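Please read the structure below before turning to the comments.
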Amino acid sequence: MIRKTRLFTPGPTPLLPAAQFAMAAADIHHRTPEFRALYTRVLAQLKEFVGTKNDVIILSSGGTGAMEASVSNLTSPGDRVLVLTAGKFGERWSGITKAFGCHVDVVEAPYGSTFTLDQVKAALKLETRAVFVQATESSTGVRHDIEGIAKLLKAENSEALLIVDAITGLGTTHLDMDGWGVDVFIGGSQKAVMIPPGLAYIAISQRAWDRMEATYNPRYYFDLRKERKNAAKGESAYTPSVALIAALGASLDYIAGQAEGNLAEGRKKLVDNAETCAAMTRAAAEAMGLKLFAPKGYEAAAATAILAPEGTDSGVIVKGLKSKFAAIVTDGQGEMKGSLFRIAHIGFFDYMDTIAIIGALEQVAIAAKLPLPNFEFGKGLIAAQKLFAAHAK
Ligand SMILES: *Cc1c(COP(=O)(O)O)cnc(C)c1O
């Protein structure tokens, strides 16, 4: 049969056609009124998308570039910082903060779980200058309790900035930056906003801007204050990724279009969409006899991590989906390689995509003779259908 290649990965995610057209048409110079109009509009839209009154800065880099910028701009060598980690991306925070000379305390929870607020409280010191965490840990499909952590920092009167990698949290999780008092939210282009990799965006609180006046880690390309100054004039400090910025504008228009032009409402619908696709997938996996990796109540809607049955290498499932259906799902990362596979719901996924990947997973389960007692064709699909009928808006 014909096989259409489809991404089911938590970044890069499937591309929005309107954004691809915008990209192809973006033959404009970055020091012109045309670009300034585009950039100013997209920066304003991003605030609505993140859901904040704070300034949002765009960087021409991957998401990791914005993670690094948050460390280089907001810490000084020797600063005591706290990293909360339970997966591959949490470990990245440890790597970056150490590279910039921070004194790093770590709260580490096993892959597939999250840390308790008591653990965070116990690790928080009077001198802690910043707390680094993921909103959703893409490597394990687990959601961390950002609201709880923000409230804890407030209750402790902590001076620590709360710096959140929301690269797969934005657009999949209901987040309230200003209401909770989060200082930094970081997003990436190849995730919920449905465009190719290459742009990062970073929302920054007033408290964090104030902190930057005194910090002195080295920075040059990723100088957030310089970008902010330029952004106020509708420009970026250096040549930006013009095509991706045009694509981002088209994508944010599309998201606003989900709610009659109201971008904040459109973002909520995008989150609801990811949640519905994730709930369908979880229901299907469990009905097939597969086990979920994330604890109940802490499942990320960005991606669902599903454990391979005991004694089965998850690579068999990943390869089966690719070779039979050209569906790209990801294996576990790091220590979870071979144990689980991940199906994404972040961005441009819908009911049809979700039903299709579940149907394909059923085919692979039978063809690869996965040891799933009581499984037969249709069990996963029926569970997903019922979930959709009962919950989808
Ligand atoms: C994708 C991702 C990143 C890294 O983004 P890059 O664009 O690959 O640098 C960081 N954190 C999380 C949680 C992610 O999902």
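The values are calculated or read from the model by the stated rules, or taken from the named source; none is laboratory data. Nothing here was measured: the structure is a model prediction, and the numbers come from that model. Positions of Cβ are generated from backbone atoms using ideal geometry, with glycine treated the same way; all protein chains shown enter the neighbour counts. With ligands, DNA and RNA removed, areas are computed over all heavy atoms of the protein, side chains included. Shrake-Rupley method; radii C 1.70, N 1.55, O 1.52, S 1.80 Å.
Key figures for this structure:
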{"quantity": "Answer from Ile28, Ile58 - the residue that is open to solvent by 30 Å² or more (accessible area, probe 1.4 Å), outside any helix (DSSP H, G or I) and modelled with pLDDT of 95 or more", "calculated": "Ile28"}
{"quantity": "Condition met for Lys393 (in a loop (DSSP other than H, G, I, E, B), touching a residue at least 12 places away in the same chain (Cβ under 8 Å), among the basic types (Lys, Arg) and loosely packed, with under 15 Cβ neighbours inside 10 Å)", "calculated": "yes"}
{"quantity": "Members of the range 189-198 found to be more than 9 Å from the ligand (Cβ to nearest atom) and crowded, with 24+ Cβ neighbours inside 10 Å, listed by number", "calculated": "Ala192, Val193, Met194, Ile195"}
{"quantity": "Scope the range 296-344; condition open to solvent by 20 Å² or more (accessible area, probe 1.4 Å), over 12 Å from Thr9 (Cβ atoms) and part of a strand (DSSP E or B); matching residues", "calculated": "Glu299, Leu307"}
{"quantity": "Matching strands (runs of 3 or more DSSP E) fully within the range 129-234 where at least 3 residues are in contact with a helix residue (DSSP H, G or I) (Cβ under 7 Å, 6 or more places away or on another chain) and within 19 Å of Leu117 (Cβ to Cβ)", "calculated": "130-134, 161-165"}
{"quantity": "Residue that is nearest to the ligand (Cβ to nearest atom), among those in the range 172-188 that are open to solvent by less than 10 Å² (accessible area, probe 1.4 Å) and out of contact with any His (no Cβ under 8 Å at 6 or more places or on another chain)", "calculated": "Gly188"}
{"quantity": "Candidates Gly78, Gly87, Gly65 - the one that is within 23 Å of Tyr111 (Cβ to Cβ) and either more than 16 Å from the ligand (Cβ to nearest atom) or at pLDDT 95 or above (or both)", "calculated": "Gly87"}
{"quantity": "Selection from the range 345-371 of residues that are open to solvent by less than 20 Å² (accessible area, probe 1.4 Å) and either among the aromatic types (Phe, Trp, Tyr) or in contact with a Lys or Arg (Cβ under 9 Å, 6 or more places away or on another chain) (or both)", "calculated": "Ile346, Gly347, Phe349, Ile357, Ala360, Glu362, Val364"}
